[in-house]
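Participant: Can you keep this structure in mind? I'll have questions shortly.
The values are calculated or read from the model by the stated rules, or taken from the named source; none is laboratory data. These figures come from a predicted structure and were not determined experimentally. All Cβ positions, glycine included, derive from the backbone under ideal geometry; neighbour counts span all protein chains shown. Accessible surface areas use protein heavy atoms only, side chains included; no ligands, DNA or RNA. Shrake-Rupley method; radii C 1.70, N 1.55, O 1.52, S 1.80 Å.
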Amino acid sequence: MDSIIILSYCLIIIGVMVWVAFLPSGKRLSPKATNYINIFGGAFLFASCFINLVPHMFLGEGDARFVTPNLHFKVAAAVMVGFLIQLLLEQLTRGAEHGHNHCPCCEEAIEAEEHHHAHHHHEGHCHNNRIHPMTGLILGLSIHAFLEGMPLVDLDGDVHQGLLYGIVLHNIPIALVLVSLFINNRYGFWKSFLLLAIFAIMTPLGSLCNLYLIPDNEVLQSLIMGVVVGILLHVSVSILFDHDHNTFSFTKLMLIIIAFVAAYFTPGCPEIYPIF
């Protein structure tokens with residue numbers, strides 16, 4: 001296997017596992033820093049979809065894409081399927097892909113700690129006495145990571161760098177949400193490490209599955225890319241609009257602009273989009 005591919009997989013895994021360092025001390029990254037990372041990553045993903053991934057669904061080295069009947073319709077349908085898949089996955093993840101934990105019990109616990117209120121610890125139980133859906137959360141995030149990793153490496157062995165960097169940035173707030181949940185639920189270090197590792201390896205596993213188990217067919221690869229684009233568009237748009245709309249933030253605007261520029265200059269489809 002190409003060393004570039006291996007390094008890409010390592011970058012994704014390390015980008016998630018590095019946050020294990022927060023577990024022993026129970027520390028968390030400040031909400032403002034997490035928010036800025038989330039906005040930048042969401043904007044980068046959004047731009048990468050249109051600059052690098054969408055063109056790649058239609059233009060490739062082979063001619064099969066051009067002569068396949070109704071390809072544009074099929075790819076558009078794949079994008080919508082991806083959008084719906086992500087919508088369903090969020091019933092399990094509670095929006096963790098957006099860098100937020102929408103479990104009311106856990107949010108209350110974090111808020112109480114941040115305001116130095118009396119320590120609130122629920123041992124994994126929500127206020128309605130149900131176990132926190134951690135299993136569903138890990139399952140949903142794992143499926144999400146597996147799917148978005150499938151088109152990471154092209155049929156010719158090239159890594160989609162726009163998708164790679166977008167995934168790495170996108171995984172940071174997700175990992176921070178998971179670490180925060182592990183701390184709140186007082187999971188042991190090794191249990192937390194294992195759960196985080198499961199999530200970290202799912203993207204490389206998705207890529208390897210596509211490389212070695214999925215038929216080497218350009219049309220099929222276009223459809224897989226379409227599904228992933230639908231997933232990423234749902235996530236990135238949710239991130240960018242999951243904030244207060246009534247307050248103008250110059251910092252948020254600048255982060256989005258910088259992310260768009262960074263995505264434009266990130267190598268993706270140089271044969272299609274020369275920089276100048």
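For every residue, the table says whether it meets (1) in contact with a strand residue (DSSP E or B) (Cβ under 9 Å, 6 or more places away or on another chain); (2) under 19 Å from Gln86 (Cα atoms).
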{"position": "Ile183", "(1), (2)": "no, no"}
{"position": "Phe189", "(1), (2)": "no, no"}
{"position": "Ala197", "(1), (2)": "no, no"}
{"position": "Ala200", "(1), (2)": "no, yes"}
{"position": "Ser207", "(1), (2)": "yes, yes"}
{"position": "Asn217", "(1), (2)": "no, no"}
{"position": "Met225", "(1), (2)": "no, yes"}
{"position": "Val235", "(1), (2)": "no, yes"}
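Participant: Then there is this: For the structure I just gave you, tell me whether Leu169 is under 26 Å from Leu84 (Cα atoms), in a helix (DSSP H, G or I) and open to solvent by 10 Å² or more (accessible area, probe 1.4 Å).
Facilitator: Spelling it out, Leu169 is indeed under 26 Å from Leu84 (Cα atoms), in a helix (DSSP H, G or I) and open to solvent by 10 Å² or more (accessible area, probe 1.4 Å).
Participant: Go through the stretch 183-195 and report how many residues are in a helix (DSSP H, G or I) and surrounded by fewer than 23 Cβ atoms within 10 Å (Cβ to Cβ).
Facilitator: Result for the stretch 183-195: 8.
Participant: Let me ask you something else. Look at Thr203 and say whether it is in a helix (DSSP H, G or I), of a type in the set (S, T, N, Q), on the phi < 0 side of the Ramachandran plot and surrounded by fewer than 17 Cβ atoms within 10 Å (Cβ to Cβ).
Facilitator: So Thr203 does not fit the description; no.
Participant: State yes or no: is Leu220 farther than 23 Å from Asn38 by Cα, open to solvent by 40 Å² or more (accessible area, probe 1.4 Å), free of Cβ contacts under 8 Å to residues at least 40 places away in the same chain and aliphatic (A, V, I, L, M)?
Facilitator: yes
Participant: Read through the list (1) over 19 Å from Met150 (Cα atoms); (2) of a type outside the set (Asp, Glu); (3) surrounded by fewer than 21 Cβ atoms within 10 Å (Cβ to Cβ); (4) modelled with pLDDT of 75 or more, then give the number of the only condition that His100 fails.
Facilitator: Result: His100 fails condition (4) only.
Participant: Here is a follow-up. Considering only the stretch 133-155, how many residues are touching an Asp or Glu at 6+ places or on another chain (Cβ under 7 Å) and not in a helix (DSSP H, G or I)?
Facilitator: Total satisfying the criteria: 1.
Participant: Counting just the residues of the stretch 253-276 that are open to solvent by 80 Å² or more (accessible area, probe 1.4 Å) and among the hydroxyl-bearing types (Ser, Thr, Tyr), which one comes out modelled with the lowest pLDDT?
Facilitator: The selected residue is Tyr273.
Participant: In the stretch 146-163, which residues are open to solvent by 10 Å² or more (accessible area, probe 1.4 Å) and among the hydrophobic types (A, V, I, L, M, F, W, C)?
Facilitator: Residues satisfying the conditions are Phe146, Leu147, Met150, Leu155, Val159.
Participant: Can you pull out every residue in the stretch 6-30 that is over 18 Å from the mean Cα position of the chain (by Cα), free of Cβ contacts under 8 Å to residues at least 12 places away in the same chain and in a helix (DSSP H, G or I)?
Facilitator: Ile6, Leu7, Ala21, listed by residue number.
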